[in-house]
1. Can R64 be described as open to solvent by 30 Å² or more (accessible area, probe 1.4 Å) and without any contact (Cβ under 8 Å) to a residue 12 or more places away in the chain?
2. Is it true that L45 is open to solvent by 70 Å² or more (accessible area, probe 1.4 Å), assigned to a helix (DSSP H, G or I), modelled with pLDDT of 95 or more and farther than 11 Å from A60 by Cα?
3. Are there any pairs with C-beta distances below 8 angstrom linking a residue in the stretch 95-117 that is surrounded by 16 or more Cβ atoms within 10 Å (Cβ to Cβ) to a residue that is of a type outside the set (A, V, I, L, M) and part of a loop (DSSP other than H, G, I, E, B), with the two at least 6 apart or on different chains, and if so which?
4. Please work out if Y76 is in contact with a Lys or Arg (Cβ under 8 Å, 6 or more places away or on another chain), assigned to a helix (DSSP H, G or I) and under 22 Å from P106 (Cα atoms).
5. With respect to A51, is the statement that it is in contact with a Leu (Cβ under 9 Å, 6 or more places away or on another chain), open to solvent by less than 30 Å² (accessible area, probe 1.4 Å) and either in a helix (DSSP H, G or I) or free of Cβ contacts under 8 Å to residues at least 60 places away in the same chain (or both) true?
Amino acid sequence: AARRGAADCLGTSAGDCEGRARRLYELAAKQGNADAALRLGDMTLRAGDAARAVGHYQAAHELRHAQATFALAWCYQRGLGVRRDLHLAKRHFGLAAEADADAAWPVRLALGLLYAEWGLQEAARRACSTRSGG
(Lines give C-alpha, C1' and ligand atoms only; values in the text may rest on other atoms or scores of the structure.)
Protein backbone atom coordinates (compact mmCIF):
# COMPACT_ATOMS: atom_id res chain seq x y z
CA ALA A 1 0.00 0.00 0.00
CA ALA A 2 2.88 2.37 0.77
CA ARG A 3 4.44 1.76 -2.65
CA ARG A 4 1.12 2.35 -4.34
CA GLY A 5 0.65 5.56 -2.33
CA ALA A 6 4.08 6.82 -3.38
CA ALA A 7 3.34 5.92 -7.00
CA ASP A 8 0.07 7.85 -6.79
CA CYS A 9 2.11 10.97 -6.01
CA LEU A 10 4.31 10.65 -9.11
CA GLY A 11 3.66 13.51 -11.46
CA THR A 12 2.08 15.68 -8.78
CA SER A 13 3.55 18.59 -6.89
CA ALA A 14 5.30 18.06 -3.58
CA GLY A 15 2.54 20.03 -1.88
CA ASP A 16 -0.17 17.79 -3.34
CA CYS A 17 1.74 14.71 -2.27
CA GLU A 18 2.29 16.07 1.25
CA GLY A 19 -1.40 16.99 1.50
CA ARG A 20 -2.35 13.44 0.53
CA ALA A 21 0.10 12.03 3.09
CA ARG A 22 -1.34 14.33 5.77
CA ARG A 23 -4.89 13.17 5.04
CA LEU A 24 -3.84 9.50 5.22
CA TYR A 25 -1.91 10.08 8.45
CA GLU A 26 -4.96 11.87 9.91
CA LEU A 27 -7.18 8.90 9.08
CA ALA A 28 -4.70 6.45 10.58
CA ALA A 29 -4.20 8.58 13.71
CA LYS A 30 -7.97 8.75 14.26
CA GLN A 31 -7.93 4.95 14.24
CA GLY A 32 -5.34 4.92 17.03
CA ASN A 33 -2.14 4.56 15.00
CA ALA A 34 0.60 6.10 17.14
CA ASP A 35 3.15 6.21 14.30
CA ALA A 36 0.72 8.26 12.22
CA ALA A 37 0.12 10.66 15.11
CA LEU A 38 3.89 11.08 15.49
CA ARG A 39 4.31 11.80 11.77
CA LEU A 40 1.47 14.32 11.92
CA GLY A 41 3.22 16.02 14.82
CA ASP A 42 6.47 16.18 12.86
CA MET A 43 4.75 17.54 9.75
CA THR A 44 2.81 20.10 11.77
CA LEU A 45 5.90 21.26 13.67
CA ARG A 46 7.80 21.70 10.38
CA ALA A 47 4.86 23.73 9.08
CA GLY A 48 5.25 26.08 12.06
CA ASP A 49 2.21 25.16 14.16
CA ALA A 50 3.89 23.97 17.34
CA ALA A 51 0.70 24.00 19.44
CA ARG A 52 -1.06 21.58 17.08
CA ALA A 53 2.09 19.47 16.82
CA VAL A 54 2.09 19.06 20.61
CA GLY A 55 -1.48 17.76 20.39
CA HIS A 56 -0.39 15.08 17.92
CA TYR A 57 2.64 14.16 20.03
CA GLN A 58 0.41 13.97 23.11
CA ALA A 59 -1.98 11.61 21.32
CA ALA A 60 0.89 9.31 20.30
CA HIS A 61 2.39 9.56 23.81
CA GLU A 62 -0.90 8.36 25.28
CA LEU A 63 -0.55 5.31 23.00
CA ARG A 64 2.87 4.65 24.60
CA HIS A 65 4.97 5.77 21.63
CA ALA A 66 8.50 6.44 22.95
CA GLN A 67 9.57 8.70 20.09
CA ALA A 68 6.47 10.86 20.48
CA THR A 69 7.09 11.07 24.22
CA PHE A 70 10.65 12.21 23.49
CA ALA A 71 9.33 14.82 21.03
CA LEU A 72 6.85 16.02 23.65
CA ALA A 73 9.69 16.34 26.17
CA TRP A 74 11.68 18.37 23.64
CA CYS A 75 8.69 20.68 23.17
CA TYR A 76 8.46 21.24 26.93
CA GLN A 77 12.20 21.86 27.13
CA ARG A 78 12.13 24.41 24.30
CA GLY A 79 8.70 25.91 24.98
CA LEU A 80 7.42 24.87 21.55
CA GLY A 81 3.62 24.99 21.54
CA VAL A 82 3.48 24.73 25.34
CA ARG A 83 4.66 26.77 28.29
CA ARG A 84 8.35 25.98 28.82
CA ASP A 85 8.61 23.55 31.73
CA LEU A 86 11.91 21.79 32.44
CA HIS A 87 10.31 19.58 35.10
CA LEU A 88 7.76 18.21 32.60
CA ALA A 89 10.51 17.86 30.02
CA LYS A 90 12.54 15.74 32.46
CA ARG A 91 9.50 13.62 33.31
CA HIS A 92 8.69 12.95 29.65
CA PHE A 93 12.31 12.13 28.80
CA GLY A 94 12.18 9.55 31.60
CA LEU A 95 8.90 8.14 30.30
CA ALA A 96 10.41 7.80 26.82
CA ALA A 97 13.31 5.79 28.23
CA GLU A 98 10.90 3.56 30.17
CA ALA A 99 8.75 2.98 27.08
CA ASP A 100 11.60 1.78 24.86
CA ALA A 101 15.08 0.62 25.80
CA ASP A 102 16.39 1.95 22.47
CA ALA A 103 15.56 5.46 23.69
CA ALA A 104 18.03 5.20 26.58
CA TRP A 105 21.01 6.87 24.87
CA PRO A 106 19.08 9.68 23.19
CA VAL A 107 17.38 10.34 26.52
CA ARG A 108 20.72 10.42 28.37
CA LEU A 109 22.05 12.97 25.90
CA ALA A 110 18.89 15.07 26.10
CA LEU A 111 18.93 14.95 29.90
CA GLY A 112 22.57 16.01 29.91
CA LEU A 113 21.64 19.08 27.90
CA LEU A 114 18.60 19.69 30.09
CA TYR A 115 20.68 19.50 33.30
CA ALA A 116 23.30 21.83 31.82
CA GLU A 117 20.58 24.29 30.88
CA TRP A 118 19.01 23.95 34.31
CA GLY A 119 22.37 24.58 35.97
CA LEU A 120 23.00 27.69 33.90
CA GLN A 121 19.54 29.03 34.70
CA GLU A 122 20.08 28.40 38.40
CA ALA A 123 23.50 30.08 38.33
CA ALA A 124 22.04 33.10 36.54
CA ARG A 125 19.17 33.26 39.02
CA ARG A 126 21.61 33.19 41.95
CA ALA A 127 23.83 35.83 40.33
CA CYS A 128 20.85 38.14 39.80
CA SER A 129 19.66 37.47 43.35
CA THR A 130 23.10 38.29 44.76
CA ARG A 131 23.36 41.54 42.77
CA SER A 132 19.92 42.72 43.83
CA GLY A 133 20.71 41.97 47.46
CA GLY A 134 18.10 39.29 47.86
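1. So R64 fails the test.
2. No; evaluated as a whole, the condition is false for this residue.
3. Pairs found: A99/R64; A99/H65.
4. Criteria met by Y76.
5. no
The values are calculated or read from the model by the stated rules, or taken from the named source; none is laboratory data. Treat the numbers as computed from the prediction; the structure is a model and nothing was measured. Cβ: placed from backbone, ideal geometry, glycine included. Neighbour counts: every protein chain shown. With ligands, DNA and RNA removed, areas are computed over all heavy atoms of the protein, side chains included. Shrake-Rupley method; radii C 1.70, N 1.55, O 1.52, S 1.80 Å.
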